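> A single structure is presented below for examination.
The values are calculated or read from the model by the stated rules, or taken from the named source; none is laboratory data. All figures in this text were calculated on a predicted structure; none of them were measured in a lab. Cβ placement follows ideal geometry from the backbone for every residue including glycine, while neighbour counts extend to all protein chains displayed. For the accessible areas, the whole protein counts, side chains as well, though only heavy atoms, and no ligand, DNA or RNA atoms are used. Shrake-Rupley method; radii C 1.70, N 1.55, O 1.52, S 1.80 Å.
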Amino acid sequence: MKIDEILLTLTLEEKVSLLFGKGMWEIGGVSDIPEVIMVDGPHGVRKPIDINTTGIFEGNHPATAFPILGALASTWNVVLANQVGESLANECHYYDVHVLLAPGVNIKRTPLGGRNFEYFSEDPILAGEIASAYINGLQENGIGTSLKHYAANNSEFERMTISSEVDERTLREIYLPAFEIAVKKSNPWIVMTSYNKVNGYRSEENPLLMNHILRNEWNYNGVTISDWGAVTNRLKALQATLDIEMPGPSLSRQKQLVKQIRNGEVYEAVVNASVKRILELVVKAIQGKKMKKNAYDFDHHHLVAKQVAVEGTVLLKNDNDVLPIKKEKTKSVLVIGKHAINPRIGGKGGSAMVTPYRLDIPLEKIKEIAGDEITIHYVDGYNDYDPGENEMNQQEAIALAKQVDKVIIFAGIPEELEEAEGFDKEVTELPNSQINLILSVVQEQPDTAVVLSNGSPLTMTGWVDQVPALIEGWFAGQAGGSAIAEILFGLANPSGKLSETFPEHMDHNPAHLTYPGENGKVHYHEGIFVGYRYYDKKNIKPLFPFGHGLSYTEFSYESIQVNKEVINDNETVEVSVKVRNSGAMAGKEVVQLYVNDQDSSVIRPVKELKKFEKVNLHPGEAKQITFTLTKRDFAYYDVELQGWRVETGLFNLFVGGSVADIRLSTAIHVTSTEVKKRVFTPRSVTKEWLQDENGKKIIMDFFAQLSDELNMEDEYTLSFLRECTIPAVISLFGQKWMDNNNADAALDQLIDRVNHANKTVKVDF
Ligand code: BGC
């Protein structure tokens with residue numbers, strides 16, 4: 001039967017029951033309509049053993065635990081993100097799941113955000129592009145996704161009630177584009193709303209976010225679902241086009257909604273539109289199952305997880321070439337730290353927790369690679385958490401450190417300090433026990449590398465300068481152990497680049513003054529200056545900048561070219577960059593392109609990431625990468641226009657290996673085709689009159705009649721007048737003129753003349 005026909009056969013009660021979950025994880029299942037099963041991601045398929053529970057406390061089926069999304073974003077590799085999606089799709093088929101509740105694309109506003117590890121980046125383009133590739137990987141293989149949490153869900157403090165207070169330009173430029181890119185490039189089957197309010201409206205009831213932007217502007221025709229337990233007013237949410245309240249069935253609410261519909265509080269057409277979308281989802285889910293295979297290669301998924309761990313690992317420092325460990329020069333290595341034998345593979349708890357079906361232990365993998373040629377020693381070195389400094393262990397570690405050729409310390413955030421859903425982090429420093437150990441060991445053995453395990457940026461006060469080699473290993477999933485072992489020995493070349501800035505101190509972070517919020521609101525006063533956009537503009541050197549990551553090889557940026565030097569904003573421009581591996585080992589570089597508006601009438605960041613590409617290069621090999629830039633890449637969001645505007649002028653194009661490592665640049669002139677229609681009012685100031693072709697003629701004539709004092713050739717007079725309204729100019733310089741003239745009538749006439757000449761509508765004030 002066709003969907004429209006099925007719709008006609010359903011009673012109102014049946015239709016309403018489709019607007020609620022069937023259970024904790026199921027939707028549909030009404031009349032003859034099949035059930036659709038959705039379970040969490042994003043780091044693996046989290047199917048609760050008892051499907052009637054959340055699984056968070058009761059346990060989940062084992063699945064491949066991939067590195068956290070922060071690590072996936074640090075690969076900057078869309079092909080790999082697509083493969084992760086494909087592997088997840090296969091495991092969803094294995095577990096008879098139709099939709100994975102992932103990925104989350106919320107922007108990392110502060111390193112304290114409890115769910116940062118589940119999100120991609122502080123940058124919307126990076127988050128959006130990696131998310132799209134991941135979504136496509138799942139959906140191309142018959143499994144749906146649920147893009148979440150829409151929108152401005154950037155911390156966990158008072159997460160179910162707080163209102164994120166964000167101005168419209170900031171929403172459009174920072175907090176929405178990752179959703180927009182994912183919706184437009186990969187059309188997720190579902191969009192999940194967030195727990196928080198946005199500018200006072202609950203997300204699932206928010207007319208601007210839901211009806212206007214998601215549905216009308218982005219043309220999203222898929223299903224929207226609430227976050228679990230978020231809905232407080234089902235009617236308002238329905239009016240905002242929220243299709244399904246999760247979980248369900250919430251029978252008393254169903255009855256109430258039926259009553260409200262019968263009372264005419266909402267048109268049945270609104271219900272029908274939702275039901276239609278839900279039925280379309282059911283059809284997709286059933287069709288998708290045709291792609292189910294008979295055999296499942298979990299070992300292959302493990303390899304994909306390992307590759308993400310390799311490419312997401314960021315070599316932060318490598319002074320004196322401490323790494324990689326060279327077999328020919330090394331007889332013994334000391335490995336220190338519990339993270340080497342008990343690795344943290346993901347966030348501690350919440351919906352993103354995965355039960356790994358297998359686990360690579362770093363120490364074991366290091367020993368495997370070392371073989372008989374290198375002796376590997378191990379000591380714990382520290383207890384998991386302060387104040388448990390382990391004096392004996394520490395002494396043992398220091399004593400051994402002197403005797404070996406190299407030391408590798410595995411440090412990181414202990415489980416007790418939890419990075420999890422439901423609450424924010426309180427610390428960004430390693431525990432003192434680990435810091436003290438690092439400092440003492442490095443003093444005895446300068447040939448030391450530290451491997452970090454954490455879900456979001458750490459500050460590293462007082463120790464980072466002493467450590468010659470430092471690796472950001474993130475929570476690297478179940479295969480992280482083999483990935484790090486291969487990286488340490490140079491069997492794999494790290495190619496990760498930071499997907500978020502590591503600040504030197506937490507009080508440098510742009511959200512510091514307003515985080516976490518008070519009286520039910522968190523004001524995003526930093527506006528568009530999130531992450532590197534802020535550090536760049538304020539000229540604050542972070543500990544490690546956005547996009548940073550070293551390699552065991554070197555890359556040289558040889559040339560940059562544009563195919564046109566002048567375009568208008570309807571045209572595109574191609575930027576070609578030649579990059580060479582000038583070192584001795586094969587490696588991958590992430591080429592990043594940032595745009596800068598040389599002269600803007602509105603405040604803009606110094607650099608905005610617009611394009612990136614990861615290239616694989618053999619020693620000596622060079623490749624040319626071409627990026628295509630369109631209007632949006634030069635534009636800012638103009639609230640008055642309610643759209644994207646490019647200002648005529650020169651734009652710098654910066655290319656490099658991080659936001660702070662720009663190797664090449666060129667410029668292009670872009671002409672705006674948008675004619676800004678200025679409506680003149682008595683509040684319009686002189687500079688606005690002067691900027692307008694018709695306005696300039698009219699006002700210059702008028703000033704000439706008004707007073708001899710107004711010599712517009714004089715710089716100072718001009719500067720003084722620029723910010724004055726015309727009534728102020730009249731009253732300051734036209735007192736004499738007013739003896740014989742009616743100022744109000746003259747002003748009205750001026751405004752009518754200019755608005756008429758510009759064909760704009762007169763506005764009464
Ligand atoms: C989380 C979502 C998750 C859902 C189902 C919520 O608490 O915010 O990300 O998909 O639970 O587990």
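> Can you confirm whether S332 is farther than 19 Å from N454 by Cβ and within 16 Å of the ligand (Cβ to nearest atom)?
In short, no.
> Sticking with this one: Could you count how many residues in the stretch 1-14 are more than 25 Å from L147 (Cβ to Cβ) and open to solvent by less than 70 Å² (accessible area, probe 1.4 Å)?
Of the residues in that region, 6 qualify.
> Yes or no: V304 more than 16 Å from the ligand (Cβ to nearest atom), outside any loop (DSSP other than H, G, I, E, B), in contact (Cβ under 8 Å) with a residue 40 or more places away in the chain and out of contact with any Ser or Thr (no Cβ under 7 Å at 6 or more places or on another chain)?
No, not satisfied.
> Also, quick follow-up: So P124 clears everything in (1) touching a residue at least 60 places away in the same chain (Cβ under 8 Å); (2) away from the ligand (no atom under 16 Å from the Cβ); (3) under 30 Å from P503 (Cα atoms); (4) of a type outside the set (K, R) except one condition, right? Which one?
(1)
> Could you check the stretch 153-196 and list, in sequence order, the residues that are crowded, with 22+ Cβ neighbours inside 10 Å, free of Cβ contacts under 8 Å to residues at least 60 places away in the same chain and of a type outside the set (S, T, N, Q)?
L171, L176, V183, P188, V191
> Which condition number in (1) more than 16 Å from the ligand (Cβ to nearest atom); (2) crowded, with 17+ Cβ neighbours inside 10 Å; (3) not polar (S, T, N, Q) is the one that G347 fails?
Looking at each condition in turn, G347 falls short on (1).
> Right, here's the next one. Please identify the pairs in which a residue from the stretch 317-334 that is outside any loop (DSSP other than H, G, I, E, B) has its Cβ atom under 9 Å from the Cβ atom of a residue that is surrounded by fewer than 14 Cβ atoms within 10 Å (Cβ to Cβ) and not charged (D, E, K, R), counting only partners at least 6 apart or on another chain.
Taking only residues 6 or more apart or on different chains, the pairs are K327/G371; S332/Q403; L334/Q403.
> I've got another one for you. Has the stretch 638-646 got any residue that is open to solvent by 40 Å² or more (accessible area, probe 1.4 Å) and under 21 Å from the mean Cα position of the chain (by Cα)?
Scanning the stretch 638-646, I find at least one residue that is open to solvent by 40 Å² or more (accessible area, probe 1.4 Å) and under 21 Å from the mean Cα position of the chain (by Cα), so the answer is yes.
> So, in the stretch 403-431, how many residues would count as being away from the ligand (no atom under 16 Å from the Cβ), of a type outside the set (S, T, N, Q) and in a loop (DSSP other than H, G, I, E, B)?
Summing the residues that are away from the ligand (no atom under 16 Å from the Cβ), of a type outside the set (S, T, N, Q) and in a loop (DSSP other than H, G, I, E, B) in the stretch 403-431 gives 10.
> Across the stretch 197-240, which residue is nearest to the chain's Cα centre (by Cα) among those that are open to solvent by less than 10 Å² (accessible area, probe 1.4 Å), of a type in the set (S, T, N, Q) and within 16 Å of the ligand (Cβ to nearest atom)?
S203
> Might you let me know whether the stretch 250-258 holds any residue that is open to solvent by 10 Å² or more (accessible area, probe 1.4 Å), within 16 Å of the ligand (Cβ to nearest atom), in contact with a Phe, Trp or Tyr (Cβ under 6 Å, 6 or more places away or on another chain) and in the same structural domain as S163 (by TED's automatic domain parsing)?
Yes, the stretch 250-258 has at least one match.
> I'd like to verify a number: residues in the stretch 537-555 that are without any contact (Cβ under 8 Å) to a residue 60 or more places away in the chain and of a type in the set (S, T, N, Q), how many?
Adding up the residues that qualify gives 1.
> Just checking, which of T170, T145 is within 14 Å of the ligand (Cβ to nearest atom) and at pLDDT 95 or above?
Of T170, T145, the one residue that is within 14 Å of the ligand (Cβ to nearest atom) and at pLDDT 95 or above is T145.
> Of all residues in the stretch 509-560, which are closer than 20 Å to D465 by Cα and of a type in the set (V, I, T)?
Hit for the stretch 509-560 is I540, nothing else.
> Here is a list: T666, T673. Which entry is surrounded by 14 or more Cβ atoms within 10 Å (Cβ to Cβ) and either touching a residue at least 40 places away in the same chain (Cβ under 8 Å) or not small (G, A, S) (or both)?
T666
> Go through the residues of the stretch 494-510 one by one and say whether even a single one is over 30 Å from V333 (Cα atoms) and in contact with a strand residue (DSSP E or B) (Cβ under 7 Å, 6 or more places away or on another chain).
No, the stretch 494-510 contains no residue that is over 30 Å from V333 (Cα atoms) and in contact with a strand residue (DSSP E or B) (Cβ under 7 Å, 6 or more places away or on another chain).
> I want to confirm something. Restricting to the stretch 531-575 and keeping residues that are of a type in the set (S, T, Y) and open to solvent by 20 Å² or more (accessible area, probe 1.4 Å), which single residue is farthest from F489 (Cα to Cα)?
Step by step, filter the stretch 531-575, then rank; the result is T572.
> Suppose the filter is assigned to a helix (DSSP H, G or I), in contact (Cβ under 8 Å) with a residue 24 or more places away in the chain and surrounded by fewer than 24 Cβ atoms within 10 Å (Cβ to Cβ); does I130 pass it?
The answer is no for I130.
> Got at least one residue in the stretch 540-549 being within 17 Å of A667 (Cα to Cα) and either within 26 Å of the chain's Cα centre (by Cα) or not in a loop (DSSP other than H, G, I, E, B) (or both)?
No - not one qualifying residue is present in the stretch 540-549.
> Those residues that are within 11 Å of A483 (Cα to Cα) and surrounded by 24 or more Cβ atoms within 10 Å (Cβ to Cβ), I need them from the stretch 307-320; list them, please.
Within the stretch 307-320, V308, A309, V310, E311, G312, T313 meet the criteria.
> Sticking with this one: Given the options G547, G517, name the one that is within 15 Å of S164 (Cα to Cα) and either modelled with pLDDT of 95 or more or assigned by TED's automatic domain parsing to the domain that holds A71 (or both).
G517
> Which residue, of E118, E129, is within 14 Å of the ligand (Cβ to nearest atom) and under 15 Å from the mean Cα position of the chain (by Cα)?
Residue meeting the stated conditions: E118.
> Is one or more of the residues making up the stretch 261-281 of a type in the set (D, E, K, R), surrounded by 15 or more Cβ atoms within 10 Å (Cβ to Cβ), at pLDDT 95 or above and within 16 Å of the ligand (Cβ to nearest atom)?
No.
> Only one residue in N436, N454 is open to solvent by 10 Å² or more (accessible area, probe 1.4 Å) and not assigned by TED's automatic domain parsing to the domain that holds I162, so which one is that?
N436
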